[in-house]
Amino acid sequence: MSLDLHTVRQQFPSLDRPAIFLDNPAGTQIAKPSLDRINRYLLECNANHEGMFETSRRSDEILHEAHSAMADFLNASRPEEIIFGNNMTTLTLHMSRSLACNLQAGDNLLVTRLDHDANIAPWMLIAEDKGCNLLWVDIDVEDGTLDLDDFARALEKKPKIAAFGYASNLLGTVNPVKKLTKMAKDAGALVYIDAVQYAPHGPIDVQDIGCDFLACSSYKFFGPHAGAVYGKYDLLNELKAYKVRPASDELPYKFETGTQNHEGIAGVLGALEYLEWLGRQFGAEQESEWKEAGFTGRKLELKKGMSAMRAYETELSKKLIGIVESVPGTRIYGVTDIDRLDERVPTVSFTVEGKDPEQLAKAIGDEKIYVWNEHKYALAIVERLGLLEAGGMIRVGPVHYNTMDELEKFGEVLKSVVK
C-alpha cells in the first residue's frame, strides 16, 4: 500500500499554511503525536526523576517507555543501550570525551570527508588533546560516494575509532554501513555512526550493522529537539562517564547527566508512536519481509513504517533529480543515476552556473518554498569540492510528507529565479 499523503499530512499541523517545506535535512516538521506527548507531559506529570510521589513516578514511566521505544526503533538489544541528550552533536562530544580515556598519544582515529562536522570535530578535538593522528578518508567527487579503497587503506593503519555517517546531510549519499562496520571491526576499531540523516528515511538495525555506537536526533524524524545515542551495553558499562557524584552509576543514567529535557524525551516517544502508526496504516506490503526477519510488535510496525516511507521517497528522489537536471546550468553533487537510488536519500544539493546560492535560496524562499544554502556543517565536503568560497550549494530535502505537486512547484520557481 502506497502512502496516502492527505492522511499523512493531517498528522502535521504546521503544514497547514501556504509554504512548502523542503528544508527538512536541518529539521522536519513535528508530528501531532509528538506534540500531544509533550503537552500531556507538561500538564500531567512534569516532575524530576525518582521522586516518591505520583507525578515523578509517572514521569519516570514515560522516560522508561521512551528508552524502550527508541531501542525498538534502532533494534538495540535492551533499553539501557539508549542514551538521551540535547542533540547528536552534544552527545557525540560527550561520548568522545569518555572514549578518549582509552586512547594514547600516537593512536589513529578515522574520519571521512563525507561527514557532517558533528562526526568530525569531536574526534579532531580528541586527537588534539591526546596527541592522536587523524586519518581522513576521501570521497569520489564525481558521484559523492565514499572512496572504499581509501577507507581500506586507512584501516591498514589500525585506527582505534572509525567514525562515519549513515547518510550525508548534504549530498544524500547512503553509505554501505554494514560493510564499512565489518571492515573497521576486522581492523580492530570501535565504530561510531552518525545516523542523523538516515533516521528520517529508512529502517535502522544496529544489531545487524554490528556498530558499537550510533547517534541520531529526533527533530530530524518528526519529533522535538532531542538526541539519542545507542551504545553496546558492555562498552557503555565499562566506559567512564563524566558526571556529578550523586548521579547513578547505572545505565543509561550515568551518561544522562543532570536533569534531562523530560518533555522532549516524551516528544521523542510521540514521534516514534507516529512512525509506528505509519507502519500499521501503510506498511502492509513490507510486513512479510520483516516478519520473516523475526520482528514482532512495535519493532515490526516501526520497520514497516520506515520501509514504506523509504519506498515513497525513492520516487521523490527520482522526481527531484529530474526537475533539477531540467534547469540549464545546474549541477547536482551526488548520485544521480536512477538505477542507484538505493544509494541515496532524497536530499539533493546542487549549484547553478553563475548564480550565488544565498541569493537563489532567498529568491526561492520569497516564493514560500524553503530550501537551504551554504555548507550546512558538511564543511569537509564543500572544501573537498572547492565550493566554500563560492558559497556552497543549494540543498533541497523532501521527506515523506512532501508531495509530487510540491516538487513540481519548486521546479517552476527554480526555473523562474534562474532566469
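The values are calculated or read from the model by the stated rules, or taken from the named source; none is laboratory data. Note that the coordinates shown come from a computational prediction; the quantities given were computed from them, not determined experimentally. Note that we place each Cβ from the backbone using ideal geometry, even for glycine, and neighbour counts take in every protein chain shown. Side chains are part of the model used for accessible areas, which takes the heavy atoms of the whole protein and leaves out ligands, DNA and RNA. Shrake-Rupley method; radii C 1.70, N 1.55, O 1.52, S 1.80 Å.
Descriptive notes on the structure:
- Equivalent ellipsoid semi-axes, the range 200-313, via Cα gyration tensor eigenvalues times 5, rooted, Å: 30, 17, 11
- In Å², nearest 10: area of TRP290 left accessible to a 1.4 Å probe: 40
- Dimensionless Rg/Rh of the range 158-233 - Kirkwood Rh, Rg from C-alpha atoms: 0.97
- Within the chain, the whole DSSP H helices whose Cα atoms reach 27 Å or more along their own axis and whose mean Kyte-Doolittle score is at least -0.5 are 262-282, 297-325.
- A Stokes-Einstein calculation at 4 °C with viscosity 1.567 mPa s, built on the Kirkwood radius of the range 316-391 over Cα pairs, returns a diffusion coefficient of 97 µm²/s.
- C-alpha center-to-center spacing [the range 18-64, the range 120-139] in angstrom: 36
- Over the range 6-148, the pair-distance histogram of Cα-Cα distances with 5 Å bins from zero comes to 2, 7, 10, 12, 14, 15, 14, 11, 8, 5, 2, 0, 0 percent, rounded to whole numbers.
- Coarse-grained scattering of the range 358-405 at q = 0.23 Å⁻¹, given as base-10 log I(q)/I(0) from a Debye sum over alpha-carbon atoms: -0.84
- Alpha carbon centroid spacing (whole Å) that separates the range 293-333 from the range 211-282: 25
- Charge tally for PHE21 (other residues, Cβ to Cβ under 11 Å; Lys, Arg +1; Asp, Glu -1): +1.
- Overall, the accessible surface of the range 192-249 at a probe of 1.4 angstrom is composed of carbon and sulfur to the extent of 45 percent.
- When the Cα convex hull of the range 235-287 is projected onto planes of every orientation, the mean area is 5.5 nm².
- Taking Cβ atoms as reference points and 14 Å as the exclusive limit, the residues near GLN104 contribute a net charge of +1, counting Lys and Arg as +1 and Asp and Glu as -1.
- Cα-based convex hull, the range 131-283, per residue volume (Å³, whole number): 148
- Semi-axis lengths, Å, the chain, gyration tensor of Cα atoms, sqrt of 5 times eigenvalues: 32, 28, 20
- Accessible area of the range 36-133 belonging to carbon and sulfur atoms, whole % at 1.4 Å probe: 45
- If you take all other residues with their beta carbon under 9 Å from the beta carbon of MET88, and give Lys and Arg +1 and Asp and Glu -1, the sum is 0.
- For the range 215-309, the per residue solvent-accessible surface stands at 41 Å², with DNA, RNA and ligands left out and a 1.4 Å probe.
- Surface accessible to a 1.4 Å probe, per residue, for the residues of the range 134-212, Å²: 33
- The chain: calculated mean residue ellipticity at 222 nm from DSSP helix runs of at least 4, using -39500 (n - 2.57): -13000 deg cm²/dmol
- Loop-resident sites, the range 338-419, for GluC sites (Glu not before Pro), counting at most 10 other Cβ within 10 Å (DSSP): GLU353, GLU389
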